[in-house]
Amino acid sequence: MAEIITIANRKGGVGKTTTTLNLAYSLKELGKKVLVIDLDPQANLTRCFGLENADDNIKTIGHLLMAELEEERYLLKEYITVYDDINIIPSSIYLSVAEAQMRMETGSERILSDITELLQEQYDYILVDTSPSLNILTINALCTADSVLIVADTQIFAIVGISELLKTGGF
Ligand SMILES: Nc1ncnc2c1ncn2[C@@H]1O[C@H](COP(=O)(O)OP(=O)(O)OP(=O)(O)O)[C@@H](O)[C@H]1O
Ligand SMILES: [Mg+2]
């Protein structure tokens, strides 16, 4: 049963994506089965895995969330790409479309949980990289997490981001 770790801070540029990438590789080196989910429409993590044309060629987390939202039938494995023995569900700018749709639906804070529930048996760790925002996507990432890794640098605004996140999560 996978432990789900969400990497978050509302402040941008503090090292969330870099931490997710390095954590994924470190866990893989320890022999763990790792899935990373890029839940940021900036798709920086996706690019780290060399999936630069994710919006054109590959099914992304945006498409997956939309399929789940619309209660479509889908094959989960079609959304998962393997790179360096790490599994990734990539992102693209299309995730912004899914975000706008999810914002309008009641109860949409648990859509990602419905997806991760189907994946938990296959992995030791599922890492979720988030955008610098407390939008419905990040709320989904917080709802599905067993633990939250809050990344911050030592600047005051990044520290403020920590307390805002703690209030949001009801920790
Ligand atoms: N430990 C570190 N020391 C120095 N620079 C770092 C460190 N970690 C990350 N960086 C650099 O900081 C910048 C921002 O990192 P990163 O993209 O991981 O942040 P982020 O929090 O994911 O940003 P965003 O909020 O836009 O998603 C990058 O240029 C990265 O190379
Ligand atoms: Mg990032």
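Tabulated data for the structure shown
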| quantity | calculated |
| --- | --- |
| Answer residue from the stretch 49-60, given it is assigned to a helix (DSSP H, G or I) and either more than 16 Å from ligand 2 (Cβ to nearest atom) or at pLDDT 95 or above (or both) and is nearest to Thr138 (Cα to Cα) among those | Asp55 |
| Neighbours by Cβ (under 9 Å, 6+ apart or cross-chain): first from the stretch 151-171, more than 13 Å from ligand 1 (Cβ to nearest atom) and modelled with pLDDT under 80; second assigned to a helix (DSSP H, G or I) and among the polar types (S, T, N, Q) | Thr168/Thr138 |
| Answer residue from the stretch 1-43, given it is crowded, with 23+ Cβ neighbours inside 10 Å, in a helix (DSSP H, G or I) and of a type outside the set (S, T, N, Q) and is farthest from ligand 1 (Cβ to nearest atom) among those | Ala24 |
| Residue match in the stretch 53-65 (condition: of a type in the set (S, T, N, Q), free of Cβ contacts under 8 Å to residues at least 60 places away in the same chain and within 16 Å of ligand 1 (Cβ to nearest atom)) | no |
| Number of the exception - Thr46 against (1) away from ligand 1 (no atom under 16 Å from the Cβ); (2) without any contact (Cβ under 8 Å) to a residue 60 or more places away in the chain | (1) |
| Filter result for Ser92 (of a type in the set (Gly, Ala, Ser), closer than 24 Å to Leu75 by Cβ and touching a residue at least 40 places away in the same chain (Cβ under 8 Å)) | yes |
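The values are calculated or read from the model by the stated rules, or taken from the named source; none is laboratory data. A quick note: this is a predicted structure, and the numbers were derived from the prediction, not measured. Heads up, the Cβs are rebuilt from the backbone with ideal geometry, glycines too, and the neighbour counts pull from every protein chain shown.
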